[in-house]
Structure formats: structure tokens, C-alpha cells
Amino acid sequence: MPAFNEEAGIGTALQALTDTTQHDLEIVVAANGCTDRTAEVARAYGVRVVEIATPSKTAALNAADELATGDVLVYLDADVPVDVVLLQRLADEVARPGIEAAVPRPAVDTSASTWPVRAFYAVNSRLPVFRGHLFGRGVIAVSSRARSRFARFPEITADDMFLDAVVAPGEKAEIDIPVRVVAPRTTGDLVRRVARARDGNAEFGRYLQAHPEGVATPAEPDSTSWLRDVVLRRPWLLPSAVVYVTVVILAERKRRSASWDVRSGWGRPAVTVPRPRTPSDSERV
């Protein structure tokens, strides 16, 4: 679990994962470049914590990989709410013959979002690019065999797209359990998130050009899928499509501006910090 200044929310994720002793689960939190109490909060839940000075998600993934020992590795964003049952289902799926990676079904939560954000996701959540791929969930389970196909995560933003490209299409599976993906609250937050995603996609494209031998089947970009596969089949989404295109244009303009910073926020809502329970002597993580 990579964690950059996640003091406010990491306790929620860890509490859900440490509330049971029914599963053999090893949790490694990689606090990267944190200036808050992320590492301290994580240690309160009895998990392994590695701290690195660099505020880099891929550096955090590499640091955690050096400590992980399981046959199935689950890469989980610190702000994604999952429980042990979901992780076990992912591990069971990866254990099937021929399956090397598994993800849950994404369920975008726009309940706290403004209407333009809801309109954007009415189109975005229906894009076929999210079917049959590993990105867009914040949680990916891969086998140790798939992980052995590369030495280290490259220093790029789109780590989930990298994993998706390492695993062939027939080796991926999606389980029918939803994972809640919290949408940004405001249009400004949404534009920043889309700008970062598009910047990561462009960066990944450059990486593929420089390292074509290091991946199996990268996802093919399709700039017209929103129209052909979504709106033309659902004409009632036309007003939402106007918002979708506007947000994409604004995001592209933002990421190309001189003031753009790829580490701009993702528009996550504030969360409270739960108190860690006190584990019994018999419990093991």
C-alpha cells in the first residue's frame, strides 16, 4: 500500500483489513515522502511500515515489493475502501489456471459531487476501455509469476497502466464485486484529476516508445470511443457528453500550461481518522 500524506484516511483502509484473523494477510505500507503522521498511524494497526524519503508512488511500490513474500501481490491505493473478503476473492481468481491478474468491478460514487461531475461520469463510467483492463480501480492483484516479468516499477505516473500492459488480455479477470471509486466533488477537482490522468497516459505512451520490449499488450487509446460506443448508443446522454468533452478540453489545456504540476490533487473528499483497535496476542497480520 503506497501512502503519501495519507494520515487522514489510511486508518479507514487499515481498519477494514485488520478487523479479522480469518485470512493469512501480509500488509506492507510504504510511506513515501510523507510530511504528516502517515507512518505513525499505520504502525498503530500492527502492519509493516517502510519509509522512504522520495514522494514517489512507484518508489513506494518497489520498496514494498522488497518486503512482500506472498504468492499473490495486491497493489492497493490507501484511499480505496476494500475488505479482506474482496482481497481473498481476488487471490482466488489469480489462483485459477491461466489467470495472472484480477481486479474488482469499479463503481464510481458521485453522491457528493456537483452535477457537472455526475454528468462527466455518466459518460466516462460507460467507456469500454475500462472493461478487460486493470486500471481505474485503485486495487490490482497479480501473481508472483506476473510480477517476475519486470525487475522494478518504472518511474512513471501510470503504474496501473504499466501492470495492465505487462499482463496479456487472456490472463486478466474481473470479479463481480464492486469497489467504490470516489469521484471528485467539484468541477475544478475533476479537471485536475483528468489532467493528471491524461498526463500519465501521455507519459506512458512515451515510455512504451522507449521500451517496446518490456510489455505484452498495452491498452490502445481511442479518442472517439465516448461518441461511438457511449453517446450514439444512448442519445439521452448528449447533454452529459457536452460536459464530458468540455472537461477533457479544459484538462488538456491545464496539463499543457506552464504552471501545471503532475502532483496536483485528485479531489478526494476529507475523511476522519478512526481509532485503531487493540489487537489480541493471537492475531497476526
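The values are calculated or read from the model by the stated rules, or taken from the named source; none is laboratory data. In this text the structure is predicted, and so the values were computed from the model without any measurement. Here the Cβ positions follow ideal geometry from the backbone for every residue, glycine too, while neighbour counts run over all protein chains shown. In case anyone asks, the SASA skips ligands and DNA or RNA and just uses the protein heavy atoms, side chains included. Shrake-Rupley method; radii C 1.70, N 1.55, O 1.52, S 1.80 Å.
Only Cα pairs within less than 10 Å get springs; with that Gaussian network setup on the chain, which residue of Q209, Q15, Q88 has the largest fluctuation?
Maximum fluctuation in the GNM of the chain, among the listed residues, is at Q209.
Taking H placed 1.01 Å from N in the peptide plane, check which residues at least 5 places from R105 or on another chain put their amide H under 5 Å from its amide H.
Placed amide hydrogens put I175, I177, V179 under 5 Å from R105.
With +1 assigned to the C-beta of every Lys and Arg and -1 to the C-beta of every Asp and Glu, and no other charges, what is the dipole magnitude of region 27-86 about the Cα centre in debye, to the nearest 20?
140 debye
Cα centroid distance between region 108-173 and region 187-214, in Å?
So the separation of the two Cα centres works out to 12 Å.
Would you tell me the accessible area of V245, worked out with a 1.4 angstrom probe on the heavy atoms of the protein chains, in Å² to the nearest 10?
Surface open to solvent at V245 totals about 50 Å².
Could you pull out every residue, at least 5 positions away or on a different chain, whose amide H is within less than 5 Å of the one on R37? Hs are placed 1.01 Å off N in the peptide plane, and Pro or chain starts have none.
Result for R37 returns E7.
Mind checking which of D77, D159, D222 has the largest fluctuation in a GNM of the chain, springs on alpha carbons under 10 Å?
D222
Restricting the count to DSSP beta bridges whose residues both fall in the chain, what percent are antiparallel, rounded to a multiple of 5?
Details: 7 of 22 bridges.
Of the beta bridges lying entirely in the chain, close to 30 percent run antiparallel.
For region 1-147, place one equal point scatterer on every Cα, skip the solvent, and apply the Debye formula. What is log10 of I(q)/I(0) at q = 0.20 Å⁻¹?
Debye curve over Cα of region 1-147, log10 I(q)/I(0) at q = 0.20 Å⁻¹: -1.28.
Specify the angular offset, from 0 to 90 degrees and rounded to the nearest 10, of the alpha carbon long axis of helix 187-210 from the longest principal axis of the alpha carbons in the chain.
On a 0 to 90 degree scale, this one is about 80.
What's the magnitude of the charge dipole for the chain around its Cα centre, counting Lys and Arg as +1 and Asp and Glu as -1 at the beta-carbon? Answer in Debye, nearest 20. Numbers along the way, then the final one.
Values: 35 positive and 36 negative charges, 235 e Å.
It works out to roughly 1140 debye.
So if I restrict to the alpha-carbon atoms in the chain, what is the Rg, and what is Dmax, the biggest pairwise distance, in Å?
18.9, 59
Probe radius 1.4 Å, ligands and nucleic acids left out: which of H133, H211 has the largest accessible area, and how do the rest follow? Write down the numbers at each step before the final one.
Working: H133 40, H211 75 Å².
Greatest to least solvent exposure: H211, H133.
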